[in-house]
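Reviewing the structure listed below.
The values are calculated or read from the model by the stated rules, or taken from the named source; none is laboratory data. Quick caveat: nothing in here was measured; it's all calculated off a predicted structure. Here the Cβ positions follow ideal geometry from the backbone for every residue, glycine too, while neighbour counts run over all protein chains shown. These accessible areas exclude ligands, DNA and RNA; they are computed on the full protein's heavy atoms, side chains included. Shrake-Rupley method; radii C 1.70, N 1.55, O 1.52, S 1.80 Å.
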Amino acid sequence: MGVVRLGHPLSRAPVTLKRHIEYEHISASRRGLQYGPIDEALTERWV
């Protein structure tokens, strides 16, 4: 799930992987980790 502020450029068109990674992100982790399965999946698809 992703959340953006009202009027954010990502809310104006379908979100693609390329568009998704063009913007900075914040994240929340139950375990306090800065890197996890989502990061791994995105890295595999982008490389």
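Using only alpha carbons, the chain has a radius of gyration to Kirkwood radius ratio (Rg to Rh) of 0.98.
So which chymotrypsin sites (Phe, Trp or Tyr not before Pro) in the chain are both in a DSSP loop and have at most 13 other Cβ atoms within 10 Å of their Cβ?
Passing sites in the chain are Tyr23, Tyr35.
Between the helical axis of 37-46 and the dominant principal axis of the chain, each derived from Cα atoms, what acute angle in degrees is found, rounded to the nearest 10? On a 0 to 90 degree scale, this one is about 60.
Once the C-beta distance of Asp39 and Leu6 is scaled by a Förster radius of 22 Å, the resulting FRET efficiency is 0.25 to the nearest 0.05.
So, for the chain, what is the accessible surface per residue at a probe of 1.4 Å, expressed in square angstrom? Before the final figure, lay out each step's value.
Values: 4780 Å² over 47 residues.
Heavy-atom accessible area per residue stands at 102 Å².
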